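*Asks:* This is the structure I want to talk about, given as structure tokens.
The values are calculated or read from the model by the stated rules, or taken from the named source; none is laboratory data. These figures come from a predicted structure and were not determined experimentally. With ideal geometry, Cβ positions are generated from the backbone for all residues, glycine too; neighbour counts draw on all protein chains shown.
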Amino acid sequence: MIRIVLVDDQQLFRAGVRVALDAQTDLEVVGEASDGREALAVIAATEPDVVLLDMRMPVLDGVETVRALFGPTGPAKRPRVIVLTTFALDAAAATAIRAGASGFLLKDSTPAFLIAAVRAVHAGSSVLAPDELGQLFGLDVDTAPAPPAPAAFRSLTKRERVVFELAARGLSNTEIAAEEFVSESTVKTHISAVLAKLGLRDRVQIVVYAHDNRLLGQP
């Protein structure tokens with residue numbers, strides 16, 4: 001069962017989302033909150049797997065809530081976070097993803113898309129395609145000169161750099177394995193090594209790291 005907390009200052013919106021989620025046999029809404037401060041308390045009490053988090057709320061907004069969740073004083077069990085926004089190219093959503101969120105959804109997404117997103121994020125995937133992430137982060141990155149590759153990236157082996165590139169472009173483990181003629185378990189080992197060496201949490205952060213450091217296509 002995937003345990004979910006809903007955070008939005010509009011009670012009617014929360015009620016509609018809850019109905020859609022609770023109708024699924026593998027999803028359960030275990031808590032709700034109307035602002036970020038209340039959300040942190042609810043999350044600490046319920047320890048959900050996934051949090052659906054509105055970006056614009058009173059008291060404590062979505063960005064500050066994500067920073068609190070993934071900062072040094074955050075909970076020991078950190079949930080996956082999907083931020084909710086009203087328009088696609090939202091700088092606040094980009095900031096939240098950099099801080100630890102696993103992607104964003106538009107608030108007018110269909111119930112089916114929302115349900116699929118919750119399941120995908122719980123499984124460790126992003127809810128945004130890499131080209132969408134690239135467009136989002138390209139707003140403030142592509143106009144700047146490419147920085148030198150970070151020292152941590154230079155520590156990757158040649159094979160790890162190949163896997164990093166393919167993961168950053170959105171290929172799944174199965175697709176990377178087929179591309180490189182190796183087993184999926186080998187790909188998983190390389191992904192784990194990349195995450196550890198770069199200090200990243202998940203594959204979403206690989207995409208963000210690649211775009212922020214202009215690493216796609218690096219030799």
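*Asks:* Among residues belonging to segment 72-84 that are touching a residue at least 12 places away in the same chain (Cβ under 8 Å) and part of a loop (DSSP other than H, G, I, E, B), point out the one that is farthest from LEU114 (Cα to Cα).
*Replies:* Result: PRO75.
*Asks:* For segment 151-161, indicate whether the set of residues that are surrounded by 13 or more Cβ atoms within 10 Å (Cβ to Cβ), within 30 Å of MET1 (Cα to Cα) and either modelled with pLDDT of 85 or more or in the same structural domain as ARG78 (by TED's automatic domain parsing) (or both) is non-empty.
*Replies:* Scanning segment 151-161, I find no residue that is surrounded by 13 or more Cβ atoms within 10 Å (Cβ to Cβ), within 30 Å of MET1 (Cα to Cα) and either modelled with pLDDT of 85 or more or in the same structural domain as ARG78 (by TED's automatic domain parsing) (or both), so the answer is no.
*Asks:* Still on this structure, I have one more. If you go through segment 39-57 one residue at a time, do you hit one that is on the phi > 0 side of the Ramachandran plot and within 15 Å of the chain's Cα centre (by Cα)?
*Replies:* No, that holds for no residue.
*Asks:* When the residues of segment 84-126 are filtered to those that are touching a strand residue (DSSP E or B) at 6+ places or on another chain (Cβ under 6 Å) and over 23 Å from SER172 (Cβ atoms), which remaining residue is modelled with the lowest pLDDT?
*Replies:* Here the residue is ALA93.
*Asks:* Among (1) more than 20 Å from LEU105 (Cβ to Cβ); (2) surrounded by fewer than 15 Cβ atoms within 10 Å (Cβ to Cβ), which single condition is GLY74 missing?
*Replies:* All conditions pass for GLY74, except number (2).
*Asks:* With (1) in a helix (DSSP H, G or I); (2) in contact with a helix residue (DSSP H, G or I) (Cβ under 6 Å, 6 or more places away or on another chain) as the list, and GLY170 as the residue in question, which single condition is left unmet?
*Replies:* (1) is the only condition that GLY170 fails.
*Asks:* Look at segment 84-98 and say how many of its residues are under 9 Å from the mean Cα position of the chain (by Cα) and surrounded by fewer than 22 Cβ atoms within 10 Å (Cβ to Cβ).
*Replies:* 1
*Asks:* Could you identify the single residue in LEU52, LEU69 that is under 21 Å from SER125 (Cβ atoms) and part of a strand (DSSP E or B)?
*Replies:* On inspection, the qualifying residue turns out to be LEU52.
*Asks:* Still on this structure, please answer the following. With ALA167, ALA129, ALA193, ALA144 as the choices, which residue is at pLDDT 75 or above and either under 22 Å from THR95 (Cβ atoms) or surrounded by fewer than 19 Cβ atoms within 10 Å (Cβ to Cβ) (or both)?
*Replies:* Just one listed residue meets the conditions, ALA193.
*Asks:* What single numbered condition from (1) touching a helix residue (DSSP H, G or I) at 6+ places or on another chain (Cβ under 7 Å); (2) farther than 25 Å from ALA93 by Cβ; (3) assigned to a loop (DSSP other than H, G, I, E, B) fails to hold for GLU160?
*Replies:* The single condition GLU160 does not satisfy is (3).
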